Amino acid sequence: MKANLRLLIVCGLIAFGLQGYAQDRTVSGKVTSIDDGSAIPGVNVIVKGTTNGTVTDVDGNYKITLTSDGGTLVFSFIGYETAEIEIGTRSVIDLQMSIDATELSEVVVIGYGTSQKKDLTGSVASVRSDEIQNIPVIGIDQAIQGKAAGVNVISANGQPGGNVSLRVRGSTSIQASNEPLYVIDGIPVVNQALFQGGQFGGLGGQTSNSISDLNWSDVESIEILKDASAAAIYGSRASNGVVLITTKRGKRGQKATLSLNYYRGQTEVFELPDMLNSAQYIELQNEARVNAGLTARPLTFFEDPNNPGVTPDTDWMDIIFRTAAVQQFDASVRGGGEATAYFASFTVNDQEGTLRGTGFTRLSGRINLDSKVNDWLSFGSNVAISYTDGALQANDNFIIGPYFSALRTAPYFTPQQPGGAFTVTNQFDNPLAATQYQNNNQTYRILASGFFEIEPISNLKIRSSLSLDYNNFQQDQFWPTTVLGGRLTGSGWSQQGFNQQRNVIWENTVSYLKEINDRHSVTGLVGASWQEDRRYSVLSTATNFPNDQLRTLNSAATPLQTTGARTANGLNSFFGRVNYNFDDRVLVTGTVRADGSSRFAEDERYGVFPSIAVAWRVSNEAFASGLSFLDDLKIRASYGATGNQQFGNFASRGLFQGGFVYNGVSGIAPSQIANDQLKWENTVTLDIGFDFTLLNSRINGSFDWYSSQTDDLLLNAPLPPNSGFTTVTRNIGEIENTGIEVTLGADIIRTSDFTWNITGNIAANRNEVKKLVDGSDINATGFGQSIIREGETLNSFFGHQVVGIFQTAQDVSDAPTQTAGTAPGDFQFLDADGDGAITNADRVILGTAQPDFLGGFTNSINYKGLELIAFFQYSIGNEILNMNLRDGVLSMRNADNVQTAALNRWTPTNTNTDIPRMVIGDPNQNRRFNSAMVEDGSFLRMKTLTLAYNLPSSLLNSIYDGFLSNVRIYAQATNLLTITDYSGVDPEVSTFVNTSSGNGVDNNTYPGGKTYTLGINVSF
Amino acid sequence: MKKLSILSLALIFAFTSCEVTEVLEQEPAQSLSDATAIVDAQSAETALTGVYSGLQSGNYYGRMHLAWGAVLSGYMGSTSQTTRNSTFQSETNTNDPNDNTLKATWQFIYRVANRASNVVTLVEGLSDSDGFAGSRRTQIIAEARFLRALAHFDLLSYFGRHWDNSSPLGIPLRLEPGNVSNSEQPRATVAEVYASINEDLDFAIANAPAFSSTVSVSSIAATALKAKVALFQQDYAQAATLANTVINSGTFQLEASYSDIFVNRLNSSELIFSPFFSQIEGSGHSFFILTPSSPLGQGRWDYGPTAQFTSVMSGDPREAASIGTTADGVEVVKYPNLTAGDDPAYVLRLAEIHLIRAEALARSGGSVADIQAELNAVRTRAGLANTTASTVADLLTAIQAEKVLELAFENGTEWFDAIRYDNIQALKASVTSDNQYVLPISQDEVDNNANVEQSPGY
C-alpha cells in the first residue's frame, strides 16, 4: 500500500508539473451497458497516466476537466471490460461498456500463487467454472476434454467414475507415469488407482479414478500448466504438466448466495456389436469345424436339453446392457461477513452404468474458509470429505467379464435353467451369470488443509500451510455360488481389503512485491516443502460361505490368503520464483526448484529444475498505439527443465521380497535387481507463443509452438530371463515431443439480446522415441500389440501386414511359407524381410494411437435468456487396434460366437472379401496381430449439446420481492452424435489407459454411451 | 511486527532439521535390501523356502509340466474349450517363441534356478556358526543345488538337444545369482549342462537330508533324479545302478493298487518328490483338465486325452484311474481334487524308477530276466500279466509302451521317450524334423541375450 501511495504521489507531481503548459477544457459523455443500453453509474473515468479522474453519476453521465491536449480516457468498472479511448479533440465521448469478456484481467492460478492473465509468461490453459457447470460430469475427463489445447483426455471405458488418463503435450515417458501432477487448492494430490488386483488378474482397465471423488460443482477453475516456465516450480513432478484445480471460495462482504442444482437423466450405451443369431452361428460353427477336418455337429446338438426340438436364440448383449439412470443434487452457500468468507457445499451423485452391475455413487461435502484477523494476519482452511462407491465389472481381457462373455457366448444357450441356475455355456460364465460378480470399490477421502499468512511489512507475505490427503480405498468382492468363480475353491469366494494412503504436506513460502519506480516492479517468492506419502494395505481372501447372503469374511469357513503391504516415499524441496515487470511491456520470470526424493538412488538424491521466460507486450509499445483494432498482443518465450519421478518407491534397490509361501511357510526370494544410479527423468522444453485480443475483445486467441526433449528416461531395460529377472530399471531413453497449439475465440454476433460465440482449439503433437536401450525395440505392454522403437511414436501398433486372402492352394504354395495349416481363405501376410517364410521378423508398424490433430470447439448462442451450447470434440489421424475383430470377425477358432460381419467370410463361393475363412483352431493364425485389426480412429463427436433458459430477472423480481436471484432450466445431451469410420462401438475407449504405449486398444472394453439429462438450478 | 516476522521465519526454517522433515530416509517395509537378505540360519531357511515356492508356479510344476510333453507327443490335445495358443501349437508341433505360455515357462524355470543360485552363493558365504544346527548349512546348499539341477534338467529336456551329447545346443546355465553384468549367459553345450547337473546332484546325494517327506529334497530323491538324468545322457550303466540304489533303499514301495497313487497323493508310498500343493497353494492341474460337466468339479478342459491315448489305454486296468468320460468328452482324471487343489506334480515316483532301470539294463547289456523283472514289477501292480517280450528289442518296445500307460500326463516322459527312442516321427505325423524335438527358446531370451541364438528351425 505504501509503495502504491508513493507511486500515486509521484504521478500526481508529474501531472501537476505539466499543468502550467495546458489549457483547460472538458470532456463529457454517457456510459451505458452494451448488453441492454442501460446507464452504468459509478464507472471510474481517469485520464491515463494521471490522477485526474471522476465517477459517473446515477444516469451514467460524467464530465472531466482536461489539463492537457490529447491523452486517453480509461473507463473501468467491476464486471465490465476496462476501455481506453483516445480523446483527440473530441469534447463528447459516449461509451458502451461490455461485460468483462476479455480474459486479460482474469486471475489465473499458477503454482504457489496467482497472476493476471496479461502478466503470464508461461503457457497456461484455463477452464473456467461456467464451462463445467451443469454438465453431468464425474471425472476431470469430461470437465476439460476438448477445452484446453494440447490436452488429450483418454477415457478407459464406459464405467461411471472409471479410469481416465490425461496427456499434456504428448507422452514424455515410457516406464514412469505420463499423468500430470494434480494440485487441488495447492495440495499435490494422489491420482492413482488404489485397486490391489484380484483373482484372474483383477478388473482390467475397469479400475476407479481417484480424482472422481471431487465434486465438480465446487470447482472455480482448472489451470493446466504446460510449458517449463509455468510448471518448473513443481520440479521433479512436472514433466507431464500440472493440473491446478481451484475450488470456490467466498468473498468478504459478499451477500450470501444459496444455490441448488438438480439434474436427472439417463444413459444409453452406444450401438453394440451385432452378434450372430443361432442359425447363423450354427452355419459358421459347422463350417469352421468342417474346415478344420472335424465333423459338423448335428442340429440336435444345439437344442435346449430341457426343451428338445427347440434351439434357443439368445441376444446376450440385450441381456447385460440397460438404460441407466443418472442424477445429481447439489447445494452450496457462498458469502462472507466482515472478517470471514465461506463456501460450503454438499452433493449427492448417483449414476447407473449401462452394463448391469456397474454404477457409481458419490457423496461429498466441502467447507472453505478465509478469515482476516487483522491487518497483518489471516487464516484459512479447506476441508473436503467424500465417499464414493463404484460398482464395477471385470472386462477387457478377463474371463469373468460380462461384456467379454457376451462377445463370445454362443446364442443357442438359454441364460438360465428351469430351476434358475445359470446355464453353463462355452464361456467361463455366461454373460448374465457374469453380472453376478460383486466388485465394489469404495473410497473415503479427506482433503484438508489449514494455512496462515502474515504480512509483517507491506508486500511481504509469509505463508505456511499444512495439508493432509487421506484416502481409504476399500475393495469388496464377493462371488456367489451361482457363478463358477464362486464355486472354484469352495462355496462362495470373497476378497476384501483396503489400501490406505496418507499424504502429508507442509509448505512454507515467503513472497515479496517491490515496485522500484513506476516502470519497474519485482515480485519474488521462496519456499520450502516437505511431503511424505505412506501407504498401507491389507487384502484377505476366503471361501466356503454358508450361503450367498452372508458375505462378510467372518462368515467364511476357510481363509485362503491374506496379504498386505506398506510403502512410503518422501520429497524434500526448495523453490523460488522471481517476476520482473518493466513498464507492462517486458515481463521476465525465472523459477528454480530443487527436489530431493527418497526414490532416487543415494548418490543422486537432489535434482535441480530451473526455467526462464520472457514476454513482450507489443500492444503496450508506443508504435502499437495507432493499431486501434489491437487490444492486446503478447509474445512469449520460455525455456526450462522439469522432471518425472513417478516410478516405484524403491526402484533403485536390489530387493528380496517375502510372501513366497511353500508348505505353509513364508519364504523370501529376489524380487528386484539393483541399479544404484537411478534418478529422475529430465525434460527440457522450449516454448514460443503469442496471445492476442482484437476488435474490442471480439476475437481472442493464442498460439504456441513447443519442443521438449526428455532424456534419462527410466526404462525397464529387459534382461535375459536366464538371469531370473526380466527387467532392470535404468535411466536410458530419450523422447522428443514437438507441437503447435492454437486457440481461437470470436464473438460473431454481440448485441444486447443476441450473442453468438465460437471458441475452439487445435493441437498437433509429434512424438518421437529418440533413444532406447542399445537401440533395441521394446515389445511393449499388454498382449504384445505395440512396439516402442527408435524413430517411431510411442504408441505404435506392431504386427503382420495383410497382403490379401489366398484364393487357391497354388497361391498358398507360391507364397512365402506361413504355417503347415495355411489354406485358401486364409490371410496372406507380407514377407517383410524377404526370407521366404512368414515369421515374427516380418512384423511391421501398422499405425499409431497418437492423433495428428486433436481439439474441440464450442458454439454458444444466447438469445435473451435462452442459451444453446454445442460442444464438439475431435481427433484426427489416430488408429485404433480393434481387438474385438480378432476373435469376433477374423477368426472362429473355437466355439465362441462372432459378429455378423463374419458372415462375409471367405468361402469357395464368396471369394471377394477381406474376411478370412472360419476354421477351428485357426491354423494359419489369422488372429495374430495384423493390419486388418488396425482401423482409422478419427472421430468428431458432439460431446455436449445444452439448451438452457434463464428466467428473466423481471419475472424473478416479481416473485417474493426478488427472493430468487437466478433460475436456470436446462436440457443436455452428451455424446449425441459421433462421426467416425471406426467399426467398433466407441472410438473413445482404451484398454490400457494408464500405460504409455498401450493406448488405442479396444479389447472387450465396456463402451460409453449417450446421456440425456434435464436439470434446474436455483439461486437465492 | 518485525519480531513476529522473524519469529515465524525462524519457526518455519527451524523445522528443517527436525524429524517431521526427514522424509528422504525411507526403507522398504515389505522387502529386504539384497545385502541384508540372507545373513543367518533363519534367513537362509526362508530363502530356501522361496526356491521351493517357485516350483508351484502354474508355468512350471503348477500346471504346464503336465501339458507340454503330453500335448507335444500327441497323447493329449486341445478340446472344444481350449483357448491357449500353446496347446494348439504343441498339438501341431509348431511352437511360437513368442507364445506367452512358452515364454513364461522359460522364465519361471529360470526363476527357480536363480533363486537356488542365490541361496547356494549367499549361504556358502556364511559359516556354520551363523546359527546353523549341525550340518544344516550344507544341507540347505544341497537342497538348493538339487532344485537348481532339476530346473536345469527340465530346461534341457524341453529346450535343449538332450538326446545328443555332442550337441553345442544346450541351455544357458544359471550358476550365479543373476545380476546385470552376468545376465547374457551363452548356451552351454549339452555335455556341459549334464556335467553341471550331475555335479549339483552329486553334492545333493552326499549332503541332502535323509528322506522325510515327498515335498522336500532328500538324498535319495537326488539319486533318483540322477538315475533319470543318466538315462537321458545315455550313461545306461550308471542309470541302472542308481535306479537300483533307489529301489533297494526300501524308502519307497509301489502302492498296492494303481488308483491309490491318486488317492494318497502327497502321502503316496511310491512318490519320491513333488512340490507341495494344497487348497491355498493350489495347483492348476484339475481345473485345466476337467471338463465343464465333470463329476469331479467344473473345469476349463483346456486339454483332453486324444484318440491316440484312449486307444492304447482301452482295456488296460489303469484306464479308470487315468481317464473318464463326461457329457463334454473324455477327460484325464489323474488330478481329481479340484477343490482341495492338492494333487501332486509327479516329478519322480518309484514306478518310473523301475522302468528307468529296465530300459537302462536293456541298453547296457543287462539280462532279459532282470529287464523283465523290473517291467513286471510295474505290470503286476497294474493288474496285468507278465510281459511276453523276451528279446531286448521287444522289451525296449514294451518298456516304452508301459511308460505311456503308467506315466502319461505326469511329467512329459511320453514325449522325451519318443525322442530318445527316435520314433516320435512315426508316432506323430506333425513331427517331421528333429528341430521339432525341442521347443523354441523364448523370444525374450533371444532378443535380449546377444550370446544366445534361437534353435534351428525356429
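Some observations on this one:
- Among (1) within 14 Å of another protein chain (Cβ to nearest Cβ); (2) farther than 26 Å from B:E414 by Cα; (3) aromatic (F, W, Y) - the single one B:Y110 does not satisfy: (2)
- So A:I762, is it farther than 17 Å from A:N178 by Cβ, within 14 Å of another protein chain (Cβ to nearest Cβ), within 25 Å of the chain's Cα centre (by Cα) and buried (at least 18 other Cβ atoms within 10 Å of the Cβ): no
- Options A:I635, A:I612: the member that is more than 14 Å from chain B (Cβ to nearest Cβ), assigned to a strand (DSSP E or B) and farther than 25 Å from A:T72 by Cα: A:I612
- Failed condition for B:A142, given (1) within 30 Å of B:A67 (Cβ to Cβ); (2) more than 9 Å from chain A (Cβ to nearest Cβ); (3) within 18 Å of the chain's Cα centre (by Cα); (4) crowded, with 24+ Cβ neighbours inside 10 Å: (1)
- Across the stretch A:664-690, the qualifying residues are those that are surrounded by 21 or more Cβ atoms within 10 Å (Cβ to Cβ) and of a type in the set (D, E), and the one among them that is nearest to the other protein chains (Cβ to nearest Cβ) is A:E681.
- Candidates in the stretch A:904-948 are the residues that are small (G, A, S) and either touching a Pro at 6+ places or on another chain (Cβ under 8 Å) or more than 14 Å from chain B (Cβ to nearest Cβ) (or both); of these, the one that is nearest to A:D1002 (Cα to Cα) is A:G937.
Results for (1) in a helix (DSSP H, G or I); (2) not β-branched (V, I, T), shown as yes or no for each residue.
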position: B:I356; (1), (2): yes, no
position: B:A362; (1), (2): yes, yes
position: B:G366; (1), (2): no, yes
position: B:A373; (1), (2): yes, yes
position: B:N376; (1), (2): yes, yes
position: B:A385; (1), (2): no, yes
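- The single condition among (1) touching an Asp or Glu at 6+ places or on another chain (Cβ under 9 Å); (2) within 13 Å of chain A (Cβ to nearest Cβ); (3) in contact (Cβ under 8 Å) with a residue 60 or more places away in the chain that B:L66 does not meet is (2).
- Options A:I845, A:I861, A:I880; residue that is without any contact (Cβ under 8 Å) to a residue 60 or more places away in the chain, part of a strand (DSSP E or B) and in contact with a strand residue (DSSP E or B) (Cβ under 8 Å, 6 or more places away or on another chain): A:I845
- Entry remark, the stretch A:850-907: residues being farther than 30 Å from A:V290 by Cα and of a type in the set (G, A, S) number 7 in total.
- The stretch B:424-458, residues that are more than 20 Å from the chain's Cα centre (by Cα), more than 14 Å from chain A (Cβ to nearest Cβ) and either over 24 Å from A:G821 (Cβ atoms) or crowded, with 20+ Cβ neighbours inside 10 Å (or both): B:I424
- Failed criterion for B:K103 (all others in (1) farther than 11 Å from B:S442 by Cα; (2) at the interface with chain A (Cβ under 9 Å from one of its Cβ atoms) hold): (1)
- Residues of the stretch A:420-441 include at least one that is within 14 Å of chain B (Cβ to nearest Cβ) and either under 30 Å from A:R502 (Cβ atoms) or of a type in the set (F, W, Y) (or both).
- Given (1) touching a strand residue (DSSP E or B) at 6+ places or on another chain (Cβ under 6 Å); (2) under 30 Å from A:Q657 (Cα atoms), index of the condition A:N554 fails: (1)
- Candidate set from the stretch A:805-837 (those that are surrounded by 18 or more Cβ atoms within 10 Å (Cβ to Cβ) and not in a loop (DSSP other than H, G, I, E, B)); member that is farthest from the other protein chains (Cβ to nearest Cβ): A:I805
- Selection over the stretch A:274-306 of residues that are surrounded by fewer than 13 Cβ atoms within 10 Å (Cβ to Cβ) and closer than 9 Å to A:Y412 by Cβ gives a count of 1.
- Looking only at the stretch A:318-365, and only at residues there that are closer than 30 Å to A:F404 by Cβ and of a type in the set (K, R), the one that is surrounded by the most Cβ atoms within 10 Å (Cβ to Cβ): A:R362
- Among residues of the stretch A:580-609 that are free of Cβ contacts under 8 Å to residues at least 40 places away in the same chain, those with a Cβ under 9 angstrom from a residue that is hydroxyl-bearing (S, T, Y) and part of a strand (DSSP E or B), sequence gap 6+ or separate chain, pair up as A:V586/A:Y580; A:G590/A:Y580; A:G590/A:S611; A:G596/A:S573; A:G596/A:Y606; A:R605/A:S597; A:Y606/A:S597.
- Qualifying residues in the stretch A:589-603 (those that are buried (at least 18 other Cβ atoms within 10 Å of the Cβ) and away from chain B (no Cβ under 12 Å)) - the one farthest from A:G235 (Cα to Cα): A:T589
- Answer residue from the stretch B:160-187, given it is more than 9 Å from every other protein chain (Cβ to nearest Cβ), in contact (Cβ under 8 Å) with a residue 60 or more places away in the chain and in contact with a Gly (Cβ under 9 Å, 6 or more places away or on another chain) and is surrounded by the fewest Cβ atoms within 10 Å (Cβ to Cβ) among those: B:L169
- Residues (charged (D, E, K, R) and either under 15 Å from A:I187 (Cβ atoms) or within 14 Å of chain B (Cβ to nearest Cβ) (or both)) located in the stretch A:361-386: A:R366, A:D375
- Failed criterion for B:F88 (all others in (1) surrounded by 22 or more Cβ atoms within 10 Å (Cβ to Cβ); (2) farther than 30 Å from B:N448 by Cα; (3) facing chain A (nearest Cβ under 10 Å) hold): (2)
- Scanning the stretch B:261-312 for residues that are of a type in the set (G, A, S) and within 13 Å of chain A (Cβ to nearest Cβ) yields B:S274, B:S278, B:G282, B:S283, B:G284, B:S286, B:S293, B:S294, B:G297, B:G299, B:A307.
- Filter pass, A:V661 being part of a strand (DSSP E or B) and within 14 Å of another protein chain (Cβ to nearest Cβ): yes
- Hits in the stretch A:34-63 (condition: of a type in the set (D, E) and either surrounded by 19 or more Cβ atoms within 10 Å (Cβ to Cβ) or modelled with pLDDT under 80 (or both)): A:D35, A:D36
The values are calculated or read from the model by the stated rules, or taken from the named source; none is laboratory data. Computed from a predicted structure; not experimentally measured. Heads up, the Cβs are rebuilt from the backbone with ideal geometry, glycines too, and the neighbour counts pull from every protein chain shown.
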